[in-house]
Amino acid sequence: MADAKVIPFDDDRSRARRRPDRPDGEAAAVRALPGPQQGARGPEEAAAAPGPYSGDSGPDTEAGAGAGSGGWERRLAGGLAFLRRRITGEYEVDEFGYDEELTDQVLMSLLRPLYEKYFRVEVKGVENIPADGGALIVANHSGTLPLDGLMMQVAVHDRHPAGRHLRLLAADLVFMLPVVNELARKAGHTLACAEDAERLLRAGEIVGVMPEGFKGIGKPFGERYKLQRFGRGGFVSTALRAGVPIVPCSIVGAEEIYPMVGNAKTLARVLGLPYFPLTPTFPWLGPLGALPLPTKWTIQFGEPIPTDSYAPEAAEDPMLMFNLTDQVREQIQHTLYKLLVQRRSVFF
């Protein structure tokens, strides 16, 4: 199978270590990635762009197109065209490995039933995400497995009026796992480091980070919805250097999908994992115990916190970083409590 073209941010050869290479060692063809003003589609462009279920053309507008003979023929032709591009390598990825076409037409389609039917995610405040330019979304992290990040990615992809894409920053462990590593790269995820985050933000991308890390996702069920430490405020420093707004995000519902009542620390050390969860169903019921509970989710994007008014050297001010980190954390925690009060039931 032929390889895709690689789209770099610039010509910095020192970063070639992250670029996918051809099997025979031949350098991949490259072209410039859209800049800050071109990285996002406006509402009009999003409406005219191909939909997640389409092939080479936009969404069907004819009455009964999906059910008529022409509808399935167009879908079949689009699917065959998609497979042809995959086989011949006539598709593009950026230097981080992000494959927009595969994400839109395949990965989002696989996640969408989980998002819409299983967790029945309700999204609030998506208009707080800028229609263009970079922004850093900072969210709470929970659920034993990082499904909250994936559901947040679908929420931005499907609900934002400008059809924006979320680039998640992930832990090293994600890129050490076979298969998961490749899928994460294809979906637009990249290593949670300041350098990668700043490059994406300066290119006008929406970047998502969950500062609690493993402390949040692996906390016991008794500490649900209590935010853990937000690290040293590195995400604030990155936003300040890029001059992009910080959008706090609160996610309710993920805490209960795998109620973690214990942690087999010895087994976790043997397996090289940060924790090994024990839940009421896992590992006692085997693979069946790995199914998440069908909780009802709410994702709320809060008012953005601007950073463009600060001087470039502000990123080196530890007191400012502490204050902004605390402001973001308090806004997320306050919104979590508010959503919990409004919630009728864990499952409805």
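The values are calculated or read from the model by the stated rules, or taken from the named source; none is laboratory data. Everything numeric here is computed off the predicted structure, so don't read it as measured data. Every residue, glycine as well, gets a Cβ built from its backbone with ideal geometry; the counts of neighbours run over all protein chains shown. Each accessible area value is taken on the protein alone, full model and side chains, heavy atoms only, with ligands, DNA and RNA left out. Shrake-Rupley method; radii C 1.70, N 1.55, O 1.52, S 1.80 Å.
General observations
- The Cα center of region 147-225 and the Cα center of region 269-309 differ in position by 13 Å.
- The listed residues ARG120, ARG164, once ranked by accessible area (1.4 Å probe) with the largest placed first, stand as ARG120, ARG164.
- Taking the average, over residues, of other Cβ atoms within 10 Å as the packing measure, peptides 84-95, 313-324, 291-302 rank 291-302, 84-95, 313-324 from highest down.
- For region 198-348, the Cβ-based charge dipole about the Cα centre amounts to some 640 debye (Lys, Arg positive; Asp, Glu negative; other atoms uncharged).
- Three-way shape label, region 64-141, alpha-carbon gyration tensor, a/c 1.5: oblate
- In the assembled protein chains, GLU303 presents an accessible area of approximately 120 Å² (probe radius 1.4 Å).
- Calculated SAXS-style log₁₀ I(q)/I(0) at q = 0.11, 0.26 Å⁻¹ - region 265-345, Debye, Cα scatterers: -0.64, -1.18
- Along the axis of the charge dipole computed for region 192-251 (Cβ charges of +1 for Lys and Arg, -1 for Asp and Glu, origin at the Cα centre), the listed residues ALA197, PRO220, VAL207 are led at the positive end by PRO220.
- Solvent-accessible area per residue, Å², over region 265-348 with all protein chains present [probe radius 1.4 Å]: 63 Å²
- Whether region 94-227 is rounded, prolate or oblate, judged on the alpha carbon gyration tensor where a/c under 1.5 counts as rounded: rounded
- Percent accessible area from carbon and sulfur atoms, region 113-263, protein chains only, probe 1.4 Å: 58 percent
- Taking 1.567 mPa s as the viscosity and 4 °C as the temperature, the Stokes-Einstein diffusion coefficient of region 194-343 based on its alpha-carbon Kirkwood radius rounds to 75 µm²/s.
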